[in-house]
1. Has the range 408-427 got at least one residue that is over 23 Å from the mean Cα position of the chain (by Cα) and either at pLDDT 95 or above or not acidic (Asp, Glu) (or both)?
2. Any chance the range 388-399 includes a residue that's touching a Pro at 6+ places or on another chain (Cβ under 6 Å) and either assigned to a helix (DSSP H, G or I) or not polar (S, T, N, Q) (or both)?
3. Do we find a residue being of a type in the set (Phe, Trp, Tyr), assigned by TED's automatic domain parsing to the domain that holds Ser251 and closer than 17 Å to Leu261 by Cα anywhere in the range 338-353?
4. Check Gly386, Gly372 and return the single one that is modelled with pLDDT of 95 or more and out of contact with any strand residue (DSSP E or B) (no Cβ under 9 Å at 6 or more places or on another chain).
5. Quick check, is Leu172 more than 30 Å from His249 (Cβ to Cβ) and outside the structural domain of Glu392 (by TED's automatic domain parsing)?
6. What's the number of the condition His82 fails, among (1) within 14 Å of Leu396 (Cα to Cα); (2) surrounded by fewer than 14 Cβ atoms within 10 Å (Cβ to Cβ)?
7. Evaluate the following for Leu162: is it more than 27 Å from Leu479 (Cα to Cα) and either at pLDDT below 95 or buried (at least 23 other Cβ atoms within 10 Å of the Cβ) (or both)?
8. Taking Ala411 and the conditions (1) surrounded by fewer than 24 Cβ atoms within 10 Å (Cβ to Cβ); (2) hydrophobic (A, V, I, L, M, F, W, C); (3) touching a helix residue (DSSP H, G or I) at 6+ places or on another chain (Cβ under 6 Å), which numbered condition does it fall short on, given that it satisfies the others?
Amino acid sequence: MLKARYKQNRTSLRKASAPLGRPGARAASPSIGRTASVRTTTTSHPLCNGSENAHLYDYERSVKEAFDGIVPALKKISALQHESDFVSKAQRIAESQLGFSLPAVLLENAWVDQLDMRSLFAWCVFETYHRFCDDVFSRDPLGNNNDEAFQALLQECGFHTLDVSPCADGRLAHVIRYVLRLPYKAVRRRSYAGAMFDIDDSMNKWTRTELMRFREGVPNTSDAPTRYLKAVVYHHSSVDPEHQGCAAHGSDTQKAAQGGLDRLEGFQQAVQNTYCCGASIDCLLIGMDTDTDGIRIHMPTANGDIDLDNYIDSLEVYDATAHMSASQAEQWIVDLILQKGGNGVADGMASFMVQLLTNNLSQVEYVRSYYGGHYSDIGHNERFIGAGIGFEEVQLRNLTFFSYLNTVEEAAGDLDVGVSIFTGLNVSKGLPVPIVVRFDYHGNVPGARERAEEHCHRVANAFHSRYSELSGRGLLHTLQVVRDINAAGHIEILDCSVKTTAASGAH
């Protein structure tokens, strides 16, 4: 049945993940002040898309170059701070290398005192983030994927919602758009340290989804025979498994996988105990190698449980099918799932697994083509911490450490992990920890914006209080932003701990 169903679904599957380089996709365009020339690359695997890989690589490179150019530019500026025409020279360097001017108030007093490099660094990170967000919301450089086709695919596979909880580690920030090659706007993503998602929060999301199905028929009606698919993405390291795995699980891959499975089973049991044993929940456990971006999908057992020891590794799939034709490779993947799954995997779930594995082959080739098989920064290399609710536009590896939260207290463990990471990345070098506090809101709900602003102020103040030692030394800075989801507009800057009256930017 799976073979026939998979062939029937191929049209929808291809539409749902239509790559950027194919007809009908949005044309590539440059990012945040950089001109990115879209490359072409030889595709060695029959199921990989080289033009999409080239586009995604140019986008990743342009964004990271914008962030990584901050320190070199500020070093040049620092060396000039006692020259008579320092301000004009500093602004020329900033405008030519960073694409924006700096707050005058942070430059004008350098002749009587040391230039406040910590504040300048934080301000530049926040301004670059602001420009990065504007670019995403204005042009959608990641690609205007067909969300309707993806929703059709989900329903054909027997699901109406895909809710993914990856680890908050920045090395998984690109898991939706890059690693799984899914349309990120159509997938619900909430990140937690160790992928240990909040079961109560997920229950609220499930309840809201089912209510919308019942009252509005969105994404389908409540009597449709589809299920809510909850996925966990844990991670491990193939290059340095004992040190560069998941910090929340002590770099123990088995513990990371078991922790994700325990949360999935807890969520499923919570919904069933609360509503009934037939509540529509399916679970998917995915492991990700943060060095190669290969994935392993764990198979269900005959009674529907997930078997930690029985999984399909996309790196092995890539190597086994690299010299086949496209149709042969597709059939090989289908046969492998039938063999691995036996009677324990439903046709719909198996079809979806086929699509995820097929999608990931392009990412495996992406890393092999552009990074020599594995990333050079196998450890943490995030540029800022993102805390609150939002950040859907961040789909790049090692750009952001996420902490999905409503209060600092409830996410204290996640935040301590993030600050500890940045203590090594930044504080050890005398640079501050940059934290973007963001709360998206629904503008059609009365008072939603005011509540989002209150959340921002409260969380930002809590950051400075919890990490008062760092904050007092200028080693922790916060930017507060909100965004109206319904208006599909840009982020709005509320406040920044780097105090300036500069007109440049929004600080």
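The values are calculated or read from the model by the stated rules, or taken from the named source; none is laboratory data. Quantities reported herein were computed from a predicted structural model and do not represent experimental measurements. In this analysis, Cβ positions are derived from the backbone assuming ideal geometry, glycine residues included, and neighbour counts consider all displayed protein chains.
1. Taking every residue of the range 408-427 in turn, at least one turns out to be over 23 Å from the mean Cα position of the chain (by Cα) and either at pLDDT 95 or above or not acidic (Asp, Glu) (or both).
2. Scanning the range 388-399, I find no residue that is touching a Pro at 6+ places or on another chain (Cβ under 6 Å) and either assigned to a helix (DSSP H, G or I) or not polar (S, T, N, Q) (or both), so the answer is no.
3. no
4. Gly372
5. Here the answer is no, as Leu172 does not meet what is asked.
6. Among (1) within 14 Å of Leu396 (Cα to Cα); (2) surrounded by fewer than 14 Cβ atoms within 10 Å (Cβ to Cβ), the lone unmet condition for His82 is (1).
7. In short, yes.
8. Result: Ala411 fails condition (3) only.
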